[in-house]
Amino acid sequence: SETQQIMDDIENANSQDAEAKKKFNKLVEDGDKLFKVGKYLDAKMMYEKALVIESSNAALLKKVSECDRLEKEKSLLVEDSSYRKIIGAADKNFSKKDYLKAREYYERAVKFKENDPYPRAKLLEIDAILNPKAVAAVTNAEPEKLLPLGIPLEKDDIDALAALKQAEIQRKVVK
């Protein structure tokens with residue numbers, strides 16, 4: 001009877017293992033189907049549920065990180081597409097001479113991609129068109145004269161280097 005109990009326990013454990021393996025395989029299979037159609041976040045969720053059953057499965061861990069990578073790539077493509085649409089709308093309004101509307105779109109584009117010089121250049125161009133006197137005043141202004149620092153030296157390069165070395169020696173002596 002004790003032997004029978006042990007055998008029943010082993011059979012129960014094997015049955016539970018088979019059940020867990022079946023559930024694991026189903027989750028992975030569902031994840032793979034979602035992955036193939038580009039639903040990477042949903043696939044990742046299935047893979048993570050499967051990892052609860054079999055946490056050290058290296059292939060599954062790799063699939064989870066691949067889902068993350070592909071989802072990020074996908075979102076960057078969507079972001080780039082949106083940015084191009086904004087620039088397209090801005091350019092269209094600019095060419096129709098609707099500068100105020102174009103300005104709005106270029107400003108949105110700058111917020112979207114701060115490092116892209118194109119929308120900033122177009123905003124400056126719009127400023128020049130809408131405020132020609134203010135832009136002319138800034139661009140035509142005389143640059144501020146800088147005051148000379150130090151003693152003017154009217155010698156050749158060799159004499160200048162000698163004077164520099166002499167000044168360095170004096171500075172070291174003062175220290």
How about the stretch 28-45: which of its residues are in contact (Cβ under 8 Å) with a residue 24 or more places away in the chain and surrounded by 16 or more Cβ atoms within 10 Å (Cβ to Cβ)? 28, 31, 35, 40, 43, 44
Selection from the stretch 89-113 of residues touching a helix residue (DSSP H, G or I) at 6+ places or on another chain (Cβ under 9 Å), free of Cβ contacts under 8 Å to residues at least 12 places away in the same chain and either small (Gly, Ala, Ser) or closer than 30 Å to residue 38 by Cβ (or both) yields 95
Total residues in the stretch 104-119, condition hydrophobic (A, V, I, L, M, F, W, C) and either touching a Cys at 6+ places or on another chain (Cβ under 7 Å) or farther than 14 Å from residue 94 by Cβ (or both): 2
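Only the coordinates and a few stated rules stand behind these numbers; no lab work does. Because the structure is a prediction, the values reported are computed rather than measured. Backbone-built Cβ (ideal geometry, glycine too); neighbour counts: all protein chains shown.
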